[in-house]
Amino acid sequence: MTTPTAVITGASSGIGAATARHLAAAGHRVVLTARRAERVEALAEELTKAGYEAEAHPLDVTDRAAVDAFAAALDRCDVLINNAGGAFGLDSVASADPGDWSAMYEVNVLGVLHMTQALLPALIASGAGTVLVVSSTAGHGTYEGGAGYVAAKHGAHVLAETLRLEIVAEPVRVIEIAPGMVRTDEFSLTRFRGDAAKAAKVYQGVAEPLTADDIADTITWAVTRPPHVNVDLLVVRPRAQASNTKVHRTT
Ligand code: NDP
């Protein structure tokens with residue numbers, strides 16, 4: 001049997017890197033992509049040394065020409081994990097920078113579109129393909145200061161839901177994983193442009209935010225179901241977070 005190939009975007013940190021480790025351990029050849037070449041190369045080397053099949057391809061998902069060239073050079077693709085994304089700022093609608101909104105739309109929505117369009121022929125050709133979108137609970141409800149990210153993640157959710165309708169006759173399933181609060185090293189730092197104090201405050205007093213491994217585990221579970229089983233949407237939050245705005249904090 002041929003080893004299935006999983007392409008993972010945003011594999012240089014957080015959920016993407018953890019997903020690479022989990023999918024490799026579950027028997028996939030993993031193709032790691034992100035803009036930071038040295039990060040994905042180091043992870044691919046680590047996985048290869050551990051006996052897994054892994055390779056790294058530096059890639060910006062907002063660069064369509066680069067995405068097309070990447071897809072053209074790939075021999076096969078069974079699983080596409082659209083994970084690259086992020087939030088820039090936590091500003092009100094009244095004061096947000098439209099540039100941040102554009103950047104969030106570019107990576108969280110158009111990045112998913114570029115990768116999915118480019119790899120769909122290979123996913124169909126695999127005979128049992130999977131497109132997985134890491135959206136967010138921000139794709140399903142809003143919160144103050146979140147509108148730009150919330151709008152973009154709603155876009156990612158709509159892309160997944162619409163694609164599922166459009167390719168129902170193809171041998172490709174479309175899975176959406178919507179995480180709530182996940183404590184990763186970089187997500188909040190990126191949102192607050194490197195302000196570590198503000199980033200730490202997001203998780204302050206929350207007993208156990210989710211970890212990148214929790215989401216990687218969920219992704220790997222969904223991907224390793226039999227091909228006829230389509231997990232449409234999974235919302236995963238830490239127990240201490242009942243909604244986007246209701247979080248139990250001890251301090
Ligand atoms: P990280 O900031 O650690 O990961 C973001 C990843 O996306 C990085 O690997 C980054 O790599 C990559 N990336 C960003 N822009 C681009 C680009 N233009 N092209 C290619 N890769 C890009 O955050 P998380 O691991 O926490 O988040 C992963 C996903 O999960 C994101 O889509 C995020 O929105 C979503 N999410 C996160 C939650 C959380 O609480 N942490 C909750 C819900 C959803 P590089 O900079 O090397 O390109």
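If you go through segment 230-244 and keep only what is closer than 13 Å to Val172 by Cα and either open to solvent by 50 Å² or more (accessible area, probe 1.4 Å) or of a type in the set (Asp, Glu) (or both), you end up with Asn230, Asp232. Of all the residues in segment 167-185, those that are surrounded by 14 or more Cβ atoms within 10 Å (Cβ to Cβ) and within 12 Å of the ligand (Cβ to nearest atom) number 9. Sub-8 Å Cβ pairs linking a first residue in segment 49-73 that is open to solvent by 60 Å² or more (accessible area, probe 1.4 Å) to a second residue that is in a loop (DSSP other than H, G, I, E, B), at least 6 apart or interchain, are Glu53/Thr3; Glu53/His28; Pro58/Arg35; Pro58/Arg36, ordered by first then second residue. Applying the condition of being more than 13 Å from the ligand (Cβ to nearest atom) and among the hydrophobic types (A, V, I, L, M, F, W, C) to segment 83-112 and asking which residue is least open to solvent (accessible area, probe 1.4 Å) yields Ala96.
Scanning segment 1-35 for residues that are open to solvent by less than 10 Å² (accessible area, probe 1.4 Å), more than 8 Å from the ligand (Cβ to nearest atom) and not aliphatic (A, V, I, L, M) yields a total of 2. Of the residues in segment 122-136, not one is more than 13 Å from the ligand (Cβ to nearest atom), out of contact with any helix residue (DSSP H, G or I) (no Cβ under 8 Å at 6 or more places or on another chain) and without any contact (Cβ under 8 Å) to a residue 40 or more places away in the chain.
The values are calculated or read from the model by the stated rules, or taken from the named source; none is laboratory data. In this text the structure is predicted, and so the values were computed from the model without any measurement. Here the Cβ is made from the backbone with ideal geometry for all residues, glycine too, and neighbour counts use every protein chain on show. Keep in mind that these areas ignore ligands, DNA and RNA; they rest on the heavy atoms of the full protein, side chains included. Shrake-Rupley method; radii C 1.70, N 1.55, O 1.52, S 1.80 Å.
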